[in-house]
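The next block holds one structure in the form of structure tokens; read it before the comments.
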Amino acid sequence: MPVTRVVSPATESRRRPARRRKDSGLVRESSGGHVGQSGLRAFLSALPFLTPSFIGVMVFLVIPVIVLFVISFLNWDLLTPATVAGFVNYINIFKFDNAAHSLGVTFYYVLLNIPLQTVIALGLAVLLNSKRKGMGIYRVLFVAPYLSTPVATAVIWFWVFDPKLGAVNALLAHVGITGPQWLSSTAWAMPVVAFVNIWQYVGYNMLFFLAGLQAIPRQLYEAAELDGAGPVRQFFRISLPLLNSTTLFVLVTGVIGSFQVFDTLYVLTQGGPGNSTEVLNLRVYQVAFSDFRLGEAAAMSVLLFGVILLFSVGQFLFFKNRITYEYSA
Amino acid sequence: MSVWVATLAAAGGIAACSSGSSAPNSGSATHAHLTYALWDTNEEVGYKKSIAVFEKAHPGITVSVVQIPYPNYQEKLQQEFTSGAGPDIFWVNTPWLSTWIKDNLMVNLAPYISKAHIDMSQYIPSLVSLHTYKGAIYGLPKDWDTIAVYYNENFFAQHHIPVPKTWSWSPTSGGSFLHTLQLATIDKNGVNATSPKFSPTSVATYGAELDNSMQTGWGNFLAENGVYTIPKPFASTVSFSTSKADQTFQFIRDLMYKYHVLIPGSELGSNATDPSSQNNALFAAGKIAMQIGGDWETTGTFADVGTKFKIGVIPLPAGPDGTWSVFNGLIDAINPHTPNFKATWELEQWLGSAASQKIMGQGGYVWPAIPGLDSLFAKYWAGKGVDMSGFLTESKGNLTNWPNTPGMNQGLTDMQRDMGPIWLGPGSLTQTSAAVATAAKDANHDLATAGG
Amino acid sequence: MSAPAVRLDEPVTPAPRKAGLAIGGRVIKVSVLYLILSIIALVFLVPYILTVFAAFKPISQIFTEPAWIPPKSLYLHNFSYDFVSGNFLRYLANTALVTIVLTIGQVVFSVMGAYAFARMHFPGRDKLFWVYLMTLMVPNAVTIIPLYAMMRMAHLLNTYWAIFLPYVLGAPYTIFLMRQFFRNIPQEVIDAARVDGCGEWRILARIIVPLSKPVIVTATLIAFVFGWNNFLWPLIVTNSQSHYVLTIGLANFQSNINSQWNYSLAASVITLFPLAVIFAVFQRHIIRSISLTQIR
């Protein structure tokens, strides 16, 4: 759920010119690195403010990454002492744990989910981008699932898509169609999971597009209107290009989020039917906590990390100077 | 380089850290609060009755029963054990028996049994040897079960289906087994599957169900065709990826998708493993005419069926190698980290005693592991109109156990997942064979990474 | 391109065409717009409504009548069953405890850290901030296994500590958000306070925090919702019912009782209800805070 949005500190100091002031040594507009007597004092006074989050970052984010790599070279079932396995875990996850299949399923899920979700989010933003009454209510409705507990909404959708008792097949039966087995069918299970995820997050992404649309000056549209361009052309020639950054942002954050889907899958399919919805994240959990092969699970986690990192770094580099987050007080 | 060594050592420290020392003979024999883990909700009722008697006789000891669903049971308990916790006493099933032996998760009760002069010959010998390894005994046998076929007597009578006294199948020809199934599979127009007018897409009642599981499903049929999951206990590889096995699985697949006489696997839960005993509900609702199951399911089936129809029991059909049934029995094992060993040992002795097994037998929950008490179970169900002699007959015939080797439970889970497609749709022998081969490969890996 | 922060009630629409014919055409267009939006809104709303209906029906009604028929009366047994036999009262208490502790800790420690990065000067400040930002690229899924191993070594498995500890000491993302906000508070105000002899703690408490209510509210909401909805971590780190949170309770409940939808849907309502309240109270703030991100 957390979205990576980043601003480079360098941008900040570039935006305001450096100021020279009469100072008492305590107030220095430096961006660090200026060591003096005030340096040590400044460091000590900052220490209590930083310590909790520093411990948090180190112990719960940085060290685990190192430990993960170490475990990936071990053979460990949590009950008997670990032995060194070396690189063989990285081979075994492909030979025995279906890592390649899980990776493929994950990519399939991302492909089903993200492009469609982005298009729908954009579409909804276009629809809601009008001065009419009631837009606020629709906006609230579309965003509501974003906060809802994924496990709970998964239970709800599990029921709604139940082949015998669920509302979807009941509705289809009314119009004379026999609905498929949905989550029990290898063909439909993943699309249903993708649908649920789209339902959950499309409103959230719509808000980004909405903000982006509303930042485009009227004049551009008015000028195009005068030139005889209709609303469709205006959309494709003005709105869409100016939304490029937003679109890319939504796409990349969506992809990164999709790689980590777990709650929905755990409730809806547990990886089934067969292993048609066994994404990598779920497989890591199964190998670690059902099969108790922590070394192999760690190796799969490293694999997952690598894939996500590729997208994260790309996003980081591309967006680091392009995003600001402002509040009007 | 030294950083590398240091971090490996640190991780090794994490890894080698044992969660405390084992303390058998700890605690008081008269005052304790014990936790007892099990999975079957029907038997839970019976055990609670038995424990009530125990608590009366031991006023200082209270027992809380924790029910964990079977599909999650081993991993759940193992997760608790890894954090140094876990129940004091708990059910153990054969698929993970050897894993837990290897991981030292059960107390060796042999010295305590001999000190208490418990006569092990009162139990079924094969159950005692099943739970013995290198001289250590891990629990007192308390029940046994076999697999047979429940059938809807009213349905059979209504459709003039002769109840088979002996029936058989072979992979090449369905035999009288297939024929009976066809007679019992009726479509919505009342036409059965022997007729060319039979409509496979609108079946009202299927002949039977067969789930994707070793004990109540394919294990029996494999054995009847001379195939065993592992060649011997504590084997390091599986032995069911053979052409005879492939044929057997294909036979099952054909029964579902070629002859349409078995209910499609999609009705039986995730990967057709039937984790929530759908078969009882299907049988009671008349969606299947026969239910292939274990005798411990009788309570649940009977509750679902109620007064709708009379339940009959017949032994399994014979395969090329005769009639075989999976034979099983559970023990209660004691947690080596329990702080209440003395009290838990009291409970263990009680649960293994004839007195407790009488309660379980009389209530119709399980066949007691003490042979003389069989009649109680049979009598209870005879009183309810269900003749359980089919299960008893099986127990005197060819029997095969759950495969017993470290890592087997994970192996079975992976096998069920890899063989799911066989249950979920039609396919050729080549496809079935490929699924079985994948299952064997993954199972072998589970065995390899769990061993020693 | 530095556009000012936008407000959502000032939308941009293409200018209308010639009047007359346009008005009739416009009425159709508007009706179609509302129609489409309403159909989509149904997809968003209906699952919740059906769930609430089902939560108040006995199982027999759920099996026999269609889901969109409202319950005949408020059948409360599902909830009482859930709370008592289903143990959801316990799960609710656990979740509340863990989430509140997590939220308070995360917000407080993030405020402290953000202030240090925003308005204090010390050697290595920016480099350290980069380290914090880098950790944003470490996905939750990847730290699960090592954190589990570490918790086990510390003998913290199956404790409340284990559930909130990885998240309670501040969050880099929240620190980033707050830092940006704090930097918008004029340096002069802080300098003046320092010259007046105010210690850093006082500056933080008396000046920064009161001025930062919006971002603190956002951070609180983020932490609370995250804590409330967290599933995978509590799942692997707790294994006894006494310590389960709502998400675990709900997932287990669902898989155990299979088609007893009345109970599991009522349990979903229990889980979602506090979030619904929060959303109802804070929705303007939430939508605003997401929308005010600008991506160029």
For this session: Taking only Cα atoms and a 10 Å spring cutoff, compute GNM fluctuations for chain C and point out the largest among C:Ala154, C:Ala276, C:Ala162.
Result: C:Ala154
Exercise. Please state the relative contact order of chain A as a whole percent: Cα pairs under 8 Å, 6+ residues apart?
Worked result: 30 percent
For this session: Could you pull out every residue, at least 5 positions away or on a different chain, whose amide H is within less than 5 Å of the one on B:Ser168? Hs are placed 1.01 Å off N in the peptide plane, and Pro or chain starts have none.
Result: B:Ser176, B:Phe177, B:Ala318
Seminar exercise, completed: Heads up, chain C by the C-alpha gyration tensor (a ≥ b ≥ c square roots of eigenvalues; a/c under 1.5 rounded, else a/b over b/c prolate, else oblate) looks oblate
For this session: Could you pull out every one of the lysines with an alpha carbon less than 22 Å from that of C:Lys127, ignoring same-chain neighbours closer than 8 positions?
Result: A:Lys320
For this session: Using θ = phi - 60° and the Karplus relation 6.51 cos²θ - 1.76 cosθ + 1.60, list the HN-Hα couplings for region B:104-111 in order, rounded to whole Hz, with x at every Gly or Pro.
Result: 6, 9, 9, 6, 6, 8, 3, x
Problem set entry | Within-11-Å neighbourhood charge of B:Gln78 [Cβ basis; K, R +1; D, E -1] | -4
Seminar exercise, completed: Interface buried area B-C, accessible surface with 1.4 Å probe, both sides summed, nearest 100 Å², comes to 1100 Å²
Problem set entry | Computed label-point distance, nm, for sites B:Asn154 and C:Trp161 using a 7 Å Cα→Cβ extension | 6.1 nm
Seminar exercise, completed: Classified through the alpha carbon gyration tensor (a ≥ b ≥ c as square roots of its eigenvalues; rounded if a/c is under 1.5, else prolate when a/b is larger than b/c, else oblate), region C:163-287 comes out prolate
Exercise. Once you average over the residues of C:177-185, how many Cβ atoms of partner chains fall within 10 Å of each Cβ?
Worked result: 3
Seminar exercise, completed: With a 1.4 angstrom probe the carbon and sulfur portion of accessible area for region B:329-452, in percent, totals 57 percent
For this session: Using Cα centres only, tell me the gap between region B:273-303 and region B:131-161 in whole Å.
Result: 13 Å
Exercise. On the accessible surface of region B:78-223, probed at 1.4 Å, how many percent belong to carbon and sulfur atoms?
Worked result: 54 percent
Problem set entry | Residue mean of other protein chain beta carbons inside 10 Å, C:260-270 | 3
For this session: Determine the shielding of peptide B:429-440 by partner chains: average, over its residues, the number of Cβ atoms on other chains within 10 angstrom of each Cβ.
Result: 0
For this session: Kindly provide the helix-only [θ] at 222 nm of chain A, computed as the sum of -39,500 (n - 2.57) over DSSP H runs of four or more divided by all residues, to the nearest 500 deg cm²/dmol?
Result: -20000 deg cm²/dmol
Exercise. Looking at chain B, what % of its DSSP beta bridges pair antiparallel, to the nearest 5?
Worked result: 60 percent
For this session: Could you tell me which of rounded, prolate or oblate describes region B:116-240, using a ≥ b ≥ c as the square roots of the eigenvalues of the alpha-carbon gyration tensor, with rounded for a/c under 1.5 and, failing that, prolate when a/b is larger than b/c and oblate otherwise?
Result: prolate
Problem set entry | Estimated 222 nm signal from helices in chain B, with DSSP H stretches of n ≥ 4 weighted -39500 (n - 2.57), rounded to 500 | -12500 deg cm²/dmol
Seminar exercise, completed: Pairs over 27 Å Cα to Cα, from B:Lys258/B:Lys287; A:Lys95/B:Lys258; B:Lys49/B:Lys384; B:Lys56/B:Lys142; B:Lys56/B:Lys342, come to A:Lys95/B:Lys258
For this session: Quick one: net charge around B:Phe249, please, counting Lys, Arg +1 and Asp, Glu -1 for every other residue with C-beta under 15 Å from its C-beta.
Result: -1
Exercise. How much of the DSSP beta bridge set in the protein assembly as shown is antiparallel, as a percent to the nearest 5?
Worked result: 60 percent
For this session: Please work out the FRET efficiency for the pair B:His31 and C:Gln241, using the Cβ-Cβ distance as r and a Förster radius of 22 Å; give the result to the nearest 0.05.
Result: 0.35
Problem set entry | Interface area, C with A, accessible, probe 1.4 Å, both sides summed, Å² nearest 100 | 12100 Å²
Problem set entry | Placed amide H near B:Val63: partners under 5 Å, 5+ positions off or other chain | B:Leu34
For this session: List the relative contact order of chain B as a percent without decimals, with contacts defined as Cα pairs under 8 Å and 6+ residues apart.
Result: 26 percent
Seminar exercise, completed: For region A:183-244, dividing by residue count, accessible area per residue (probe 1.4 Å) in Å² works out to 43 Å²
Exercise. Counting only heavy atoms of protein chains, what accessible area per residue, in Å², does region C:10-151 have with a probe of 1.4 Å?
Worked result: 46 Å²
For this session: Quick one: which residues, 5 or more positions from B:Trp144 or on another chain, have an amide H under 5 Å from its amide H? H modelled 1.01 Å from N in the peptide plane, none for Pro or chain starts.
Result: B:Trp367, B:Ala369
Problem set entry | Inter-probe distance in nm under a simple model that places probes 7 Å from Cα toward Cβ, at C:Asp196 and B:Ser114 | 8.5 nm
Seminar exercise, completed: Diffing region B:117-127: the Karplus 3J(HN,Hα) column from phi (6.51, -1.76, 1.60, θ = phi - 60°), in whole Hz with x for Gly and Pro, holds 6, 7, 8, 6, 6, 6, 9, 4, x, 5, 6
Problem set entry | Karplus (6.51, -1.76, 1.60) ³J(HN,Hα), θ = phi - 60°, over region A:74-88, in Hz, Gly and Pro reported as x | 10, 10, 8, 10, 6, 10, 10, x, 6, 10, 7, 10, x, 7, 4
Seminar exercise, completed: With all protein chains present, chain C has a carbon and sulfur share of its accessible area (1.4 Å probe) in percent of 70 percent
For this session: Taking a cut-off of 23 Å between Cα atoms, list the lysines near A:Lys133, but don't count ones fewer than 8 places away on the same chain.
Result: C:Lys18, C:Lys29
For this session: Could you run the numbers on buried accessible area between B and A, total for both chains, 1.4 angstrom probe, in Å² to the nearest 100?
Result: 2500 Å²
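The values are calculated or read from the model by the stated rules, or taken from the named source; none is laboratory data. Everything numeric here is computed off the predicted structure, so don't read it as measured data. Methodologically, a virtual Cβ is constructed for each residue, glycine included, from the backbone with ideal geometry; neighbour enumeration extends over all protein chains shown. Accessible surface is based on the protein model in full, side chains and every heavy atom, while ligands, DNA and RNA are left aside. Shrake-Rupley method; radii C 1.70, N 1.55, O 1.52, S 1.80 Å.
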